[in-house]
Structure formats: C-alpha cells, structure tokens
C-alpha cells in the first residue's frame, strides 16, 4: 500500500508505504499553498481485487469527523473511573497533540478528551 495522509492537527503530509512486512512512514514536509488536503491511499498486490473494497471502507472509518464542540464551549469531561467522576470546563483547544479536545476545568487544571465520544466528553448540564 501507499498513502499520503492529511493528519488532523498537523501541517505536514504523512506518507506511508508498506511492502510485505516492511513499513516506512513519516511526516515528510508541509502542504503547499493551494494543494488540496486530502487523504489518498491505494492497496496494491495480487488477489487484492477481492479485499480492496473492504480495506478502503476500513480506512474511511478511521477518518476524523467534524467535532461536536467548538472552542470555549462549556462541557463535562470524564476525570475518574467512577460514574460520577465528571467535571465541568471549557474547550480550550481542538486536535491538541492528537487528542480531540483539551479542556480547561472550572476547578483548575486541564484534561484531554482523546476522542469526541460520550465516554470522555459531553454537554454540560
């Protein structure tokens, strides 16, 4: 397979090449002004016709979706293992260090919500 990926939160292109059991991957340089930031991937090999659709759909399922909460939105974040371990705060950043959200808590400190998922972040009551 070969791919050029637009990784959310990064300004550089991510290039990926895999042949048999070997893999080469790295951020390789910045997107040029005017270049469309898109993900392109191709699966190459014998017998790939049967699996190409399955692999392509699996790849598409990994693409980042638009986030629910904007910067400064009031939210609750999961801050511990218990059912009641939720704290109120405000979204201070999106896609910070590959986390969907960074949240400034009202009680002080910050937490990350790694995914835009109800297990980690929800609307404030």
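Bear in mind that the values in this text are calculations on the coordinates, not laboratory data. Keep in mind that what you see is a predicted model, and the values were worked out from it rather than measured. In this analysis, Cβ positions are derived from the backbone assuming ideal geometry, glycine residues included, and neighbour counts consider all displayed protein chains.
Could you tell me the relative contact order of the chain? Use alpha-carbon pairs under 8 Å, at least six residues apart, and round to a whole percent. Write out the running numbers ahead of the final one.
Numbers: 204 pairs, mean separation 21.2, N = 125.
Rounded, it is 17 percent for the chain.
Label positions at residue 117 and residue 28, each projected 7 Å from the Cα along the C-beta direction, are separated by 3.1 nm. The Cα-based radius of gyration of the chain, divided by its Kirkwood radius, gives an Rg/Rh of 1.09. Net length available on complete extension from residue 8 to residue 105 is 32.5 nm, with 0.36 nm assigned per residue and the Cα-Cα distance removed.
Order these peptides, 52-58, 13-19, by their mean beta-carbon neighbour count within 10 angstrom, highest first.
On the way: 52-58: 11.4, 13-19: 14.1.
Averaged packing, sorted descending, gives the order 13-19, 52-58.
Among 97, 33, 87, which one moves the most in a GNM of the chain with springs linking Cα atoms closer than 10 Å? Maximum fluctuation in the GNM of the chain, among the listed residues, is at 33.
Looking only at 113, 64, 32, which one moves most when the chain is put into a Gaussian network model with springs between Cα atoms under 10 Å? Its mean-square fluctuation being the largest, the pick is 32. With contributions of -39500 (n - 2.57) from each DSSP H run of at least four residues, the per-residue ellipticity at 222 nm computed over the chain stands at -3500 deg cm²/dmol.
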